[in-house]
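What follows is one structure encoded as structure tokens, with my remarks underneath.
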Amino acid sequence: MKRPVAIWINVTFRLIVAFAYFLLGFYVAFYSEFDLGTNFGVPTIVLFGLLFMAYGVFRIWRAYAYFKSTDEEDDEYQKY
């Protein structure tokens, strides 16, 4: 089943946002000069960066799940 253009635009936007979160997390964790103290011996800014990176990976997975969910061949609207 061929996917509509709207689905491709939606998936592309989701991926752009996901990579933006990941890259923001990478920047915050490893290139930022903020000093927010430490937690458990790890600088807090690194923990924030890892959180952003994990959320970016989650968004990539959600974009993939959405893309795969649009590939169902037994669509209810196509039966008739």
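None of the figures in this text is laboratory data; all of them are computed from the coordinates on show. This one's a predicted model, so the numbers in the text were calculated from it and none came from an experiment. Heads up, the Cβs are rebuilt from the backbone with ideal geometry, glycines too, and the neighbour counts pull from every protein chain shown.
What the phi angles of the stretch 29-45 give under the Karplus curve with 6.51, -1.76 and 1.60, with θ = phi - 60°, is a coupling list of 6, 10, 10, 6, 9, 5, 10, 10, x, 10, 10, 6, x, 10, x, 4, 5 Hz, glycine and proline written as x.
For the chain, evaluate the Debye formula with one uniform point scatterer on each Cα (no solvent term) and list log10 I(q)/I(0) at q = 0.21 Å⁻¹, rounded to two decimals. Log-scaled intensity ratios, in q order: -0.89.
Under the convention that each Lys and Arg Cβ holds +1 and each Asp and Glu Cβ holds -1, the size of the dipole of the chain around its Cα centre is about 120 debye. Stretched out straight at 0.36 nm per residue, the stretch from LEU15 to ARG3 would grow longer than its current Cα-Cα span by 2.6 nm.
In order along the stretch 60-70, the Karplus-derived 3J(HN,Hα) couplings, from 6.51 cos²θ - 1.76 cosθ + 1.60 at θ = phi - 60°, round to 5, 5, 5, 5, 5, 5, 5, 4, 5, 6, 8 Hz, and Gly and Pro are given as x.
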